[in-house]
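Right, one structure below, let's go through it.
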Amino acid sequence: MSSFNQAEPTQDDLQAKLPPPAMVQNKIPATVQITAEQILHEARELQLLHNELVEGARAICERSVQCLPNQIQAWIQYAKFETSNGEVARAREVYERALEKVDLADFNEAAEQLLVAFAEFEEQGKEILRAMCIYKFALDHIPKGRGMDLYSKFVLFRKRHGVRLGIEDALERKMMPLEIKIILAAYRWKKEQVSSHDIGSGLQEERGTSLFTRF
């Protein structure tokens, strides 16, 4: 039997024996189809989550003012929280509740901070007459020597809205006398400040009435 040597396969021979590579027609992944119902469903879930978060934050704010009713910054932050969520009526109610906790007779710095924040809130809401009355009430009761900063803010307020001193009284008379509850709070502490010997003379009623007529 004769023997023979087989030549080793070349690189070309190996390449020829390999199967051809598979051709990929489209390497882009298929797009995920999202229906309108899915979008609405997700939007509702997000809204529910937002509402839960808002209610939780509101409960925390409420507890803070209940536990620390004399902390004016807690009331102001509570009102700003409501404003940031578009709850203007709730924010105004928070400010009005805070007025009942402030010692307006003493008119300390806390009272000034609250009234300025309240006035700025009303101004942002385009309630210019309300804001003006709050500023003027604060200026009428702030102790002498502490009113420069407050007066400067009021001057800037007048400039922003073109309110001249000569027409302020006319503007104020257009307001409903009992529309701003700050007047009620002021009237209440005014009555408390009247001494007992003034009650019989009618001075108590006169002082309370004069406070209303200014607005």
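The values are calculated or read from the model by the stated rules, or taken from the named source; none is laboratory data. Source: prediction; values computed, not measured. Using ideal geometry, Cβ is built from the backbone for each residue, glycine included, and neighbour counts are taken over all protein chains shown.
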| remark: Reported set for segment 79-93 where residues are out of contact with any Asp or Glu (no Cβ under 6 Å at 6 or more places or on another chain) and part of a helix (DSSP H, G or I) is Ala79, Lys80, Phe81, Glu82, Thr83, Ser84, Val88, Ala89, Arg92, Glu93
| query | Can Phe121 be described as outside the structural domain of Asp149 (by TED's automatic domain parsing) and either among the small types (Gly, Ala, Ser) or within 10 Å of the chain's Cα centre (by Cα) (or both)? | reply | no
| task | For segment 130-140, indicate whether the set of residues that are in a loop (DSSP other than H, G, I, E, B) and either closer than 19 Å to Thr83 by Cα or not assigned by TED's automatic domain parsing to the domain that holds Gln77 (or both) is non-empty. | result | no
